[in-house]
1. State yes or no: is residue 335 at pLDDT 95 or above, surrounded by fewer than 18 Cβ atoms within 10 Å (Cβ to Cβ) and either out of contact with any Phe, Trp or Tyr (no Cβ under 8 Å at 6 or more places or on another chain) or more than 24 Å from residue 169 (Cα to Cα) (or both)?
2. Out of the range 155-165, which residues are at negative phi and touching a helix residue (DSSP H, G or I) at 6+ places or on another chain (Cβ under 6 Å)?
3. Out of 133, 89, I need the residue that is more than 23 Å from residue 251 (Cβ to Cβ) and crowded, with 19+ Cβ neighbours inside 10 Å. Which one?
4. Looking at the range 166-196, which of its residues are touching a Lys or Arg at 6+ places or on another chain (Cβ under 8 Å) and either aliphatic (A, V, I, L, M) or not in a loop (DSSP other than H, G, I, E, B) (or both)?
5. Just a yes or no: is a residue in the range 148-165 among the aliphatic types (A, V, I, L, M) and either at pLDDT below 90 or assigned to a helix (DSSP H, G or I) (or both)?
6. Whether any residue in the range 214-233 is of a type outside the set (A, V, I, L, M), in a helix (DSSP H, G or I), in contact (Cβ under 8 Å) with a residue 60 or more places away in the chain and surrounded by 15 or more Cβ atoms within 10 Å (Cβ to Cβ) is what I want to check.
7. If you check every pair at least six apart or on different chains, which have Cβ atoms under 7 Å apart with a residue in the range 72-87 that is under 21 Å from residue 14 (Cα atoms) and of a type in the set (A, V, I, L, M) first and a residue that is part of a loop (DSSP other than H, G, I, E, B) and at pLDDT 90 or above second?
8. Pairs needed: first member in the range 180-196, within 18 Å of residue 220 (Cα to Cα); second member anywhere, of a type in the set (Asp, Glu); C-beta distance under 8 Å; at least 6 residues apart or different chains.
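The values are calculated or read from the model by the stated rules, or taken from the named source; none is laboratory data. Since the structure is predicted, the reported quantities are computational estimates derived from the model, not experimental observations. We place every Cβ from the backbone using ideal geometry, glycine too, and count neighbours over all the protein chains shown.
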Amino acid sequence: MYRGDTVTPLPADSAAERLVSQLVQRCVQSAASDLHLEPTSTGYRARLRSMGQLKVVESIDAQLAPRVVAHIKVLAQLDITERRLPQDGRCRFQLPGQLVDCRVNTLPTLGGEKLVLRLLGVGNANRCLSEAGLLPSQRKTVDGILSHREGLILTTGPTGSGKTQTLYTLLQMLNRETTNISTVEDPVEVDLPAVNQVSVQPSLGLTFAQVLRALMRQDPDILMVGEIRDAETASMACQAAQTGHLVLATLHAASPLSALIRLQQLGVDGYQLAASLLLLMNQRLVSLTESKRIGVFELVPMTDRLRMALLANPNQTHYWQTLANACVADIDLKQAQQQHLAELAGV
């Protein structure tokens, strides 16, 4: 189990330790999100995911590769003798002037164990909304929404689009001594000061829904749900948003409309959404420069038009088309977004 106050140093007294240290350091320098260690016919190859793309950075010979795998599994407190089942762990590396948290996953493949290290907290939770990529008009919308004491703010987008990082930015904006903020995540990616953060542990029965149920008895003002994955979590998040709590959550969905469809598939009816939803934030990451990406956002705040569409009978012929029309922004932001990105890139 990961211990948040435990730091695992990387002493450079063996080839395996030195190589792991170098690879993690290279991840940090490249702003990589993941390190892949994959078995090959001659040993292992190491690939980094940077700017959304994987690239090979190292070939590890067959003699050194097992030691590298064993070293990482020891650091992540995994069973080094278990090679037949997937394992999940977490470790913290001490690099020069920096601590790096990693989530470690092992997977048995035909050629051997594949390892993926997800670097956590590589982004900056203290960034402002303009640095995240929001247009001035969008920042004004978000600022207004954050003044609400209850309701649901939902960020959507594909895996790796920065949804959780956006929620961290919003939580930092909301963080006050007079406010009780709690999160349920899988896992906790960034340690936020004065925020009560809980990692789910499904193997122990500690699920999103179970943690959320417990947090509701902790006198919360603001709740963050790392991901809405099932019907129970979706229902509880909406209920919390209707009973005096501001709830921030993420959902895997390609668009605001698909997010609403997904929630209704999870059993959240239009009446609950109309009563709880404050804002849908759909986002993508685009390349700003060769070494930097930034978010492009589509915001759909709750309006009378959207509320009426949600309250309509879903069995009627034009229900989904009406809902889709209500999710379309009132103004064309494409030109403004292009201009904003050009300004951020300095061109």
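1. Considered against the rule, which asks whether it is at pLDDT 95 or above, surrounded by fewer than 18 Cβ atoms within 10 Å (Cβ to Cβ) and either out of contact with any Phe, Trp or Tyr (no Cβ under 8 Å at 6 or more places or on another chain) or more than 24 Å from residue 169 (Cα to Cα) (or both), residue 335 comes out as no.
2. 155, 156
3. 89
4. Once the filter is applied, which keeps residues that are touching a Lys or Arg at 6+ places or on another chain (Cβ under 8 Å) and either aliphatic (A, V, I, L, M) or not in a loop (DSSP other than H, G, I, E, B) (or both), the range 166-196 yields only 169.
5. no
6. No, the conditions are met nowhere in the range 214-233.
7. Close Cβ pairs satisfying both conditions: 74/80.
8. Listed by first residue and then by second, the contacts come to 180/219; 180/221; 181/221; 194/177.
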